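*Asks:* Provided herewith is a single structure, encoded as structure tokens, for subsequent inquiry.
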Amino acid sequence: MKKLTVALAFLMTFSLPVTGEVVEIHSLNRMDDPRGYCIDIRGHKSKAKINNGLQAHTCYSYQGEIAVDQGFSALHMTQKQFNLPAFNVCMEASSASASSSLQLGKCQEEQLQQFDWDDEGKIHLTSNMKLCLTISQGQSRKGGGGSPVHLIRNLSLELCSDTLQPFQTWGIRN
């Protein structure tokens, strides 16, 4: 029943038009923040620092719109790329091994920039399907803004597992 619920939640959040729409990628597990966690560029909105990579951060959509540092191209996702159009960069693994960080780079047809969604809501590095995009466990840290203060967690690629499933299940919304 749990897998069916996760699969239905994934299908409901992933069935979006594939136009030039900007979407946010959010963890289906809200953990310690009722606003939820989204994939986010380190830094603040339009002043985000693309050289510092990606993190899991409080989703900004509660403010009424998707922020530029959390906005991904729905169209590019159909091509296995996680593109942030406001910065013209793509999500990129630092390597195809466990504990790899997620960086940003010029969008290219590189293996480390290719990611697949599975029917359970997990995001895999295409060149190593045993790896899943994972939010760090443990205590979050406070960010520099928001009311209440936004929360931050690290992102990495870890071995996909049932134990880490709450930290490895994602959805998208517009």
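*Asks:* Output the residues belonging to the stretch 80-117 that are in contact with a strand residue (DSSP E or B) (Cβ under 6 Å, 6 or more places away or on another chain), hydrophobic (A, V, I, L, M, F, W, C) and assigned to a loop (DSSP other than H, G, I, E, B).
*Replies:* Scanning the stretch 80-117 gives 82, 96, 98, 107.
*Asks:* Counting only residues that are part of a loop (DSSP other than H, G, I, E, B) and at pLDDT 95 or above, how many does the stretch 37-52 have? Please lay out each step first, then the result.
*Replies:* Of the stretch 37-52, the ones part of a loop (DSSP other than H, G, I, E, B) are 42-44, 48-49.
Those still in the list that are at pLDDT 95 or above too: none.
Final tally of qualifying residues: 0.
*Asks:* (1) polar (S, T, N, Q); (2) in contact (Cβ under 8 Å) with a residue 12 or more places away in the chain; (3) out of contact with any Phe, Trp or Tyr (no Cβ under 9 Å at 6 or more places or on another chain); (4) not in a strand (DSSP E or B): which one isn't true of residue 163, the others all being true?
*Replies:* (2)
*Asks:* Looking at the stretch 36-79, which of the residues that are polar (S, T, N, Q) and over 13 Å from the mean Cα position of the chain (by Cα) is surrounded by the most Cβ atoms within 10 Å (Cβ to Cβ)?
*Replies:* 61
*Asks:* Of all residues in the stretch 99-140, which are small (Gly, Ala, Ser) and either farther than 15 Å from residue 54 by Cβ or more than 14 Å from the chain's Cα centre (by Cα) (or both)?
*Replies:* Matches in the stretch 99-140: 99, 100, 105, 121, 127, 138, 140.
*Asks:* Identify, from the list 104, 131, 125, the residue that is hydrophobic (A, V, I, L, M, F, W, C) and either in contact (Cβ under 8 Å) with a residue 40 or more places away in the chain or exposed (fewer than 15 other Cβ atoms within 10 Å of the Cβ) (or both). Walk me through it before giving the result.
*Replies:* Working: 131 fails: either in contact (Cβ under 8 Å) with a residue 40 or more places away in the chain or exposed (fewer than 15 other Cβ atoms within 10 Å of the Cβ) (or both); 125 fails: either in contact (Cβ under 8 Å) with a residue 40 or more places away in the chain or exposed (fewer than 15 other Cβ atoms within 10 Å of the Cβ) (or both).
Every option except 104 fails the conditions.
The values are calculated or read from the model by the stated rules, or taken from the named source; none is laboratory data. Quantities reported herein were computed from a predicted structural model and do not represent experimental measurements. No Cβ is skipped: glycine too gets one built from the backbone with ideal geometry, and neighbour counts run over all protein chains shown.
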